[in-house]
1. Would you confirm, using the coordinates I've provided, whether THR162 is of a type outside the set (Lys, Arg) and surrounded by fewer than 19 Cβ atoms within 10 Å (Cβ to Cβ)?
2. Of the residues that make up segment 91-101, is at least one at pLDDT below 90, within 30 Å of GLU117 (Cα to Cα) and surrounded by 16 or more Cβ atoms within 10 Å (Cβ to Cβ)?
3. Which of the residues spanning segment 1-43 are over 15 Å from ASP144 (Cα atoms) and of a type in the set (Val, Ile, Thr)?
4. Among what's in segment 67-84 and is within 15 Å of the chain's Cα centre (by Cα) and free of Cβ contacts under 8 Å to residues at least 40 places away in the same chain, pick the residue that is surrounded by the fewest Cβ atoms within 10 Å (Cβ to Cβ).
5. Just checking, how many residues over segment 47-88 are of a type in the set (A, V, I, L, M, F, W, C) and under 22 Å from SER135 (Cα atoms)?
6. Name the residues in segment 14-25 that are within 18 Å of LYS66 (Cα to Cα) and surrounded by 14 or more Cβ atoms within 10 Å (Cβ to Cβ), would you?
7. Exactly one condition in (1) closer than 25 Å to ALA80 by Cβ; (2) in contact (Cβ under 8 Å) with a residue 40 or more places away in the chain; (3) among the small types (Gly, Ala, Ser) is false for ALA126; which is it?
8. Just need a number here: residues in segment 12-47 that are small (Gly, Ala, Ser) and closer than 22 Å to LEU140 by Cβ.
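The values are calculated or read from the model by the stated rules, or taken from the named source; none is laboratory data. This structure is a prediction, so every number in the text was calculated from the model and none was measured. Here the Cβ is made from the backbone with ideal geometry for all residues, glycine too, and neighbour counts use every protein chain on show.
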Amino acid sequence: MQSSLPNEKELIIAAQSNPGRFAPLYDHWYNPVFLFIFKRINDKEITADLSSQVFLKALLAIKKYKFTGAPFSSWLFRIAINEVNMYYRKNNKEATLALDENDLRKLAEDVGEEETEENFILLADAMNELPEEQSKLIELRFFDKNSFFDMSHILGMTEAGTKMKLYRVLEKLKNSITLKRKREQ
């Protein structure tokens, strides 16, 4: 995830008193938000529309933004997740995620599987069976490379709760892969 602006708090305060001063925040965070959405939509035009919605909503709500210790980006990514979810609900589409082989390698390692083509296929199948809330944890940690701190704020959970849920999902993936492997034998 891209790092915060050095003077981000001052920029937020300035935008809260004058929405015309939101531009530096937009300029800094547009590309990371765009890429975050694109990984989930895989369509540039729709991603551009949803990214615009994210920043329009952020601009309209900037006066209500509260400094809680969470990064400003967590607030933006939470809005982005909501926009993506609304898009899929509105269009009755199944959520997708573009998977990178390096991301799968890291996930396979954390699940305790060797990095083989067969295991990647089993892992992808097991991930497809996860409920949305659980797959979101995997996406945020392994594919978007968020820290537990950032994830907790994006999801509106405690950091400890986020860790616990993620480790349970990893265990569930491991068990699912083991079951699939036994069925194939």
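1. It is false that THR162 is of a type outside the set (Lys, Arg) and surrounded by fewer than 19 Cβ atoms within 10 Å (Cβ to Cβ).
2. Yes, there is a match, as at least one residue in segment 91-101 is at pLDDT below 90, within 30 Å of GLU117 (Cα to Cα) and surrounded by 16 or more Cβ atoms within 10 Å (Cβ to Cβ).
3. Hits for segment 1-43 are ILE12, ILE13.
4. Taking the candidates together, the pick is ASN82.
5. 10
6. Once the filter is applied, which keeps residues that are within 18 Å of LYS66 (Cα to Cα) and surrounded by 14 or more Cβ atoms within 10 Å (Cβ to Cβ), segment 14-25 yields ALA14, ALA15, GLN16, ARG21, PHE22, LEU25.
7. (1)
8. Matching residues across segment 12-47 total 0.
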